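Everything below concerns the one structure shown next.
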Amino acid sequence: MEITIHSAFLPHDDADAALAFYRDTLGFEVRGDVGYNGMRWITVGPVNQPGTSIVLHPPAAGPGITEDERRTVTEMMAKGTYGIITLAATDLDATFERLRAGDAEVVQEPTEQPYGVRDCAVRDPAGNLIRINEIR
């Protein structure tokens, strides 16, 4: 039995800013951009990995979410404590410089971690934490 990662979900609070960050700054291709009731779901992914995607979705748009839960999600997004994803790059320094040039909020410059990973961290326009590990 083979199991793969098909998609991960991250919230966005500004579809155009999310699209610009993931498409223009990270270089991901857009695989879908669907609107419904004034909301947008955008699917992006690495060009060379057609089977793996990130779905950028309106926060707390799911059925059954209470107003209190919606408020909590919005507060956590504002603090940058809601969505997290870890990516990997063969050239961490070049990737980091591309993100910095694209005005990503820098959380951590490339660093050799004591647990054996060299990585950096930024936030996307919605505050989601993006860690990027160096592929060695």
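The values are calculated or read from the model by the stated rules, or taken from the named source; none is laboratory data. What you see is a predicted model, and the numbers here were worked out from it, not measured in a lab. FYI the Cβ positions are ideal-geometry reconstructions off the backbone, even for glycines, and counts take in every protein chain you see. For accessibility, only protein heavy atoms count, side chains too; no ligands or nucleic acids. Shrake-Rupley method; radii C 1.70, N 1.55, O 1.52, S 1.80 Å.
Quick notes on this one:
- Only one of GLU29, GLU67 that is among the acidic types (Asp, Glu) and surrounded by 15 or more Cβ atoms within 10 Å (Cβ to Cβ): GLU29
- Annotation: of all residues in the range 1-13 being surrounded by 13 or more Cβ atoms within 10 Å (Cβ to Cβ) and in a loop (DSSP other than H, G, I, E, B), the one that is modelled with the lowest pLDDT is ASP13.
- Test: residue in the range 33-46 that is among the β-branched types (Val, Ile, Thr) and open to solvent by 80 Å² or more (accessible area, probe 1.4 Å): yes
- When THR52 is tested against (1) at pLDDT 95 or above; (2) open to solvent by 60 Å² or more (accessible area, probe 1.4 Å), exactly one condition is not met: (2).
- Qualifying residue in the range 120-130 (condition: under 21 Å from ALA8 (Cβ atoms), surrounded by fewer than 15 Cβ atoms within 10 Å (Cβ to Cβ) and not aromatic (Phe, Trp, Tyr)): no
- Some residue of the range 77-92 being open to solvent by less than 50 Å² (accessible area, probe 1.4 Å), within 23 Å of ASP24 (Cβ to Cβ) and assigned to a helix (DSSP H, G or I): yes
- Subset of the range 96-119 that is over 12 Å from ARG131 (Cα atoms) and of a type in the set (Lys, Arg) - its residue that is least open to solvent (accessible area, probe 1.4 Å): ARG100
- For the range 93-136, the set of residues classified as in a loop (DSSP other than H, G, I, E, B) and among the basic types (Lys, Arg) consists of ARG136 only.
- Take the conditions (1) touching a residue at least 24 places away in the same chain (Cβ under 8 Å); (2) closer than 18 Å to ALA126 by Cα; ASP33 misses just one of them, which is (1).
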